[in-house]
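The values are calculated or read from the model by the stated rules, or taken from the named source; none is laboratory data. Because the structure is a prediction, the values reported are computed rather than measured. Here the Cβ positions follow ideal geometry from the backbone for every residue, glycine too, while neighbour counts run over all protein chains shown.
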Amino acid sequence: MLQELHINNFSIIDDASVEFGKGFNVITGETGAGKSIIINALSLSLGERAASEYVRSGEKEALVESLFEISQKKLSKSVNEAIKDLGVNIDEGLILKRIISSQGKNRAYINNSMANVQTLSDMSVHMQALEEL
């Protein structure tokens, strides 16, 4: 379950954190309020393609972090093995982080360990399998 999303220097957002509760969460607001920016930031943390245009004007880099609570008890054996194969320890949750440079370079992290974007994307696929349990 997504617990928190932190966004810094992303598009028009200077610095924002959104906390999510258990159950159904809704993001509402008027046109232009930034709902799609929040969704884009979350997608970026899950391994979507990054672009330097995401970096807020005048800033060197943007940061997007998402914190997920994952119950070990709900993991199927195959999902557990796949996550282990990625070298990720999810005992205390999962933090996915992307840093996008205005120069077009970006870095990805899983639980504060460097990862490539493909591994980040693979991890999000395994997380979708968790949600289906």
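So, in the stretch 102-117, exactly how many residues are crowded, with 16+ Cβ neighbours inside 10 Å and not charged (D, E, K, R)?
Going through the stretch 102-117 one residue at a time, the tally reaches 8.
What number of residues within the stretch 1-46 are over 20 Å from ILE99 (Cα atoms) and in contact with a His (Cβ under 9 Å, 6 or more places away or on another chain)?
Of the residues in that region, 0 qualify.
Could you list, in sequence order, all residues of the stretch 52-78 that are more than 19 Å from the chain's Cα centre (by Cα) and either modelled with pLDDT of 85 or more or surrounded by 15 or more Cβ atoms within 10 Å (Cβ to Cβ) (or both)?
Within the stretch 52-78, SER57, GLY58, GLU59, LYS60, LEU75 qualify.
Out of contact with any Cys (no Cβ under 8 Å at 6 or more places or on another chain), among the charged types (D, E, K, R), at pLDDT 80 or above and over 17 Å from LEU5 (Cα atoms) - does that describe any residue in the stretch 91-114? Even if it seems obvious, please write down each step before you answer.
Applying the first criterion (out of contact with any Cys (no Cβ under 8 Å at 6 or more places or on another chain)) to the stretch 91-114 yields 91-114.
Those left that are additionally among the charged types (D, E, K, R): 91-92, 97-98, 105, 107.
From what's left, at pLDDT 80 or above: 97-98, 105, 107.
After this cut, where a residue has to be over 17 Å from LEU5 (Cα atoms) as well, the list is 105, 107.
The answer is yes, given that some residue of the stretch 91-114 is out of contact with any Cys (no Cβ under 8 Å at 6 or more places or on another chain), among the charged types (D, E, K, R), at pLDDT 80 or above and over 17 Å from LEU5 (Cα atoms).
Where in the stretch 20-116 are there strands (runs of 3 or more DSSP E), lying fully within it, with 2 or more residues that are in contact (Cβ under 8 Å) with a residue 40 or more places away in the chain?
Numbers: elements: 61-68, 94-101, 106-110, 113-115.
Result: 61-68, 94-101, 106-110.
If the Cβ limit is 6 Å and pairs must be 6+ apart or interchain, which residue in the stretch 1-12 that is part of a strand (DSSP E or B) pairs with which residue that is polar (S, T, N, Q) and buried (at least 20 other Cβ atoms within 10 Å of the Cβ)?
If the second residue must be polar (S, T, N, Q) and buried (at least 20 other Cβ atoms within 10 Å of the Cβ), the pairs left are LEU5/SER66.
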